[in-house]
Amino acid sequence: MKFISAGFFTLLLFTTIFSQQRPPSESAMSRLLRYVKIDTQSAEDQPAPPSTKKQLELAKLLAKELNDMGVQNVRISEWGIVYGMVTGNLADNSKVPTIGFIAHMDTSPAVSGANVNVNIVKNYQGGDIVLPNDKTQIILAAKNPDLKNLIGDDIITADGTTLLGSDDKAGCAEILTMIDTLKQNPGIKHGNIAVAFTPDEEVGGGIDKFDIEGWGAKFAYTVDGEQLGDISNETWSARTATVTFHGVSTHPGTAKGIMVNSMYAAGDFLAQFPLVKIRPETTEGRVGFVHPYVGSLDIETSSVKILIRDFDLSGVAAKEKLLKQIVARTQRKFPQVKINYDSKLGYLNMKEVLKNYPQLTDYAIEAAKRAGVTASLRPIRGGTDGSNLTARGLPTPNLYTGGHNFHGKLEFNSRKGLEKSTDTLVNLVQIWAEKGK
Ligand SMILES: [Zn+2]
């Protein structure tokens, strides 16, 4: 038997004392199971948020739960955004910046979120998970490498006919459970904490109505990421290009020498894309792409819209240059068609701002470590509500929720995923209180 030093016992004693944190009055898992029962699917192309009134049902419930826990200044805005403020318990709360946490209430329009029937695989022992009400829906161990880290955990899925809605009701549950834990443990020191729950993240637009000033956070985190450890401080820098082809329309019976059919130029333009190596279907990781995603054809006017995505602005510029070369080549081939190129900024990589505030991710990584989670920074091949907020002056990286397979019937989370994500949030507000800036 190995010699065990007195130091080890001291460590053990400390660990025991610190782990005697009182549990929350309700676990994050229990909250999640209640929230997913409320259908909050958002809808595309609605004039104003919330795009679906049913999201307000969850908004009202979350506002009530915040009020019940004594959270200050709880309100639901005319756009369906829930705001609240947890007052700090420091001698001087103004010494620590107010930190915000945001989760979204809606679920993706891609798959139904109505009548979610939760399936819990208790004490998971490895292997594939066949979903009970549609046996063709199988969470394959081979395609979900994180499953091997969840042996012994309780896995939470839907029944195969809907999504689960862990994206992002897990984030909602974890933020509420963090507040609950702080309330049960007044010994945990923290500054002011702003919380918010937003509608319409999946369809865009909800965050445009976010009242940054009224909310009061100096820095924030979206709690909307995936597996334990994934923290993101990088998103695409995004532009959208529109290429328009102008021809001349006339009656086909008398068109000789007059008609200029813009469709041929548009078709030729598109036909050059398979030669472009940087497309969504050929890239991953840090490599950006150009992506024609919608268009219209007509004799007189045709148009193609193209997404331009890269993590670096220089990469975006290089892709615009490439598109303009394709336009020029097409123009030479079809001199009678007038081709216009136009592009608009969508959002900026949040890293452009977050690089000035490295403590946001440093503290999050430390908070993960204290929760027993090894964190790493993973760039998101998309945008988040945090991209919008960061661009508007509120630096907002993204934290994990323990979720997997978002927007589909194979979505899942786990008891440990929810608990460790919640612990990370509790640790994070303590670290901000310790460091003070
Ligand atoms: Zn989400």
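Give region 60-90 a look and list any residue that's buried (at least 22 other Cβ atoms within 10 Å of the Cβ) and not hydroxyl-bearing (Ser, Thr, Tyr), or say none. Show your work before the answer.
Just the residues of region 60-90 that are buried (at least 22 other Cβ atoms within 10 Å of the Cβ), to begin with: 62, 66, 80-84, 86, 88.
Of everything in region 60-90, those that are buried (at least 22 other Cβ atoms within 10 Å of the Cβ) and not hydroxyl-bearing (Ser, Thr, Tyr) turn out to be 62, 66, 80, 81, 82, 84, 86, 88.
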Pairs only if they're at least six apart or on different chains, beta carbon under 8 angstrom, first in region 198-210 and more than 14 Å from residue 41 (Cα to Cα) and at pLDDT below 90, second of a type in the set (A, V, I, L, M, F, W, C) and away from the ligand (no atom under 14 Å from the Cβ); list them, first residue then second. 205/48
State all residues of region 367-397 that are within 24 Å of residue 216 (Cβ to Cβ) and either in a helix (DSSP H, G or I) or among the hydrophobic types (A, V, I, L, M, F, W, C) (or both); if no residue qualifies, say none. 367, 385, 386, 387, 388, 389, 390, 391, 394
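Quick test for you: out of 170, 220, pick the one residue that is touching a residue at least 24 places away in the same chain (Cβ under 8 Å), within 21 Å of residue 80 (Cβ to Cβ) and in a strand (DSSP E or B). Working first, answer last.
Numbers: 170 fails: in a strand (DSSP E or B).
Just one listed residue meets the conditions, 220.
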Taking the residues in region 93-115 that are away from the ligand (no atom under 16 Å from the Cβ) and part of a loop (DSSP other than H, G, I, E, B) as candidates, determine which candidate is farthest from residue 407 (Cα to Cα). 96
Residue list for region 158-189, filter: in contact with a strand residue (DSSP E or B) (Cβ under 8 Å, 6 or more places away or on another chain), closer than 23 Å to residue 73 by Cα and away from the ligand (no atom under 14 Å from the Cβ): 178, 179, 182
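Within region 223-263, how many residues are of a type in the set (A, V, I, L, M), outside any loop (DSSP other than H, G, I, E, B) and buried (at least 16 other Cβ atoms within 10 Å of the Cβ)?
In the first step, residues of region 223-263 are kept if they are of a type in the set (A, V, I, L, M); the result is 223, 228, 231, 238, 241, 243, 248, 255, 258-260, 263.
This time we only want the ones that are outside any loop (DSSP other than H, G, I, E, B), so: 223, 231, 238, 241, 243, 248, 260, 263.
Still in the list and also buried (at least 16 other Cβ atoms within 10 Å of the Cβ): 223, 231, 238, 241, 243, 260, 263.
Qualifying residue count, region 223-263: 7.
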Taking the condition touching a Lys or Arg at 6+ places or on another chain (Cβ under 9 Å) and within 16 Å of the ligand (Cβ to nearest atom), does residue 150 pass? no
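Which one of these is crowded, with 19+ Cβ neighbours inside 10 Å, of a type in the set (A, V, I, L, M), away from the ligand (no atom under 16 Å from the Cβ) and under 16 Å from residue 404 (Cβ atoms): 155, 120?
Details: 120 fails: crowded, with 19+ Cβ neighbours inside 10 Å.
Residue meeting the stated conditions: 155.
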For residues that are closer than 23 Å to residue 357 by Cβ, in contact with a Phe, Trp or Tyr (Cβ under 8 Å, 6 or more places away or on another chain) and of a type in the set (Phe, Trp, Tyr), scanning just region 192-246, find the one that is nearest to the ligand (Cβ to nearest atom). 221
Check residue 266 against each of (1) within 34 Å of the chain's Cα centre (by Cα); (2) surrounded by 24 or more Cβ atoms within 10 Å (Cβ to Cβ) and name the one condition it does not meet. (1)
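The values are calculated or read from the model by the stated rules, or taken from the named source; none is laboratory data. Not measured: the values here are computed from a predicted model. Here Cβ is always computed from backbone atoms with ideal geometry, including for glycine, and neighbour counts include all displayed protein chains.
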